[in-house]
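> The structure's right below; bear with me while I get my questions together.
Every number in this text was worked out from the coordinates using simple rules, so none of it is lab data. Here the structure is a predicted model, which is why all the values come from computation and not from measurement. With ideal geometry, Cβ positions are generated from the backbone for all residues, glycine too; neighbour counts draw on all protein chains shown.
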Amino acid sequence: MKEIKAYIRPDMADRVISSLELAGIKGMTIIDVSTIGGWVDPERSQMSIDYCEKYCSSVKIELVCSDEELEKFVTVILENAHTGRKGDGKIFVSDITDAISIRTKQHGAEAL
């Protein structure tokens with residue numbers, strides 16, 4: 001199993017989420033976040049007194065999928081979040097050693 005974490009532009013979130021659902025994702029977590037540093041879109045950045053640097057709003061999408069579905073979901077995110085401008089975001093992929101459903105107590109892919 002793999003975990004995908006994608007940081008994307010807020011204005012691309014609806015498009016990416018809808019496309020992931022059409023591609024068959026069973027569930028995902030959507031979180032509003034602030035990004036700092038090289039990821040920042042210079043056109044949408046703001047100064048932060050808290051961080052003393054520029055930041056911008058982003059949307060973080062987290063999902064877990066089978067190894068076989070990884071490329072499909074990464075491609076969906078890439079195709080629907082890309083504008084070609086600085087600040088389009090990043091995708092990170094991690095290995096997941098297990099998943100457990102609290103309700104059914106199933107492990108692995110069955111828990112998804």
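> Order by neighbour count: Ile36, Ile17, fewest other Cβ atoms within 10 Å first, most last. Let's see the in-between values first.
Values: Ile36 14, Ile17 18.
Fewest to most other Cβ atoms nearby, the residues stand as Ile36, Ile17.
> Taking 0.36 nm per residue of separation and subtracting the Cα-Cα distance, what length does fully extending Lys90 through Arg15 add? Please report the intermediate quantities before stating the final value.
Numbers: separation 75, 0.36 × 75 = 27.00 nm, distance 1.62 nm.
Here the segment from Lys90 to Arg15 would lengthen by 25.4 nm.
> Could you let me know the centre-to-centre spacing of segment 1-30 and segment 80-108, using Cα atoms, in angstrom?
If you average the Cα positions of each part, the centres end up 9 Å apart.
> Amide H neighbours of Ile96 under 5 Å, counting only residues 5+ apart in sequence or on other chains, H built in-plane at 1.01 Å?
The answer is Lys2, Glu3.
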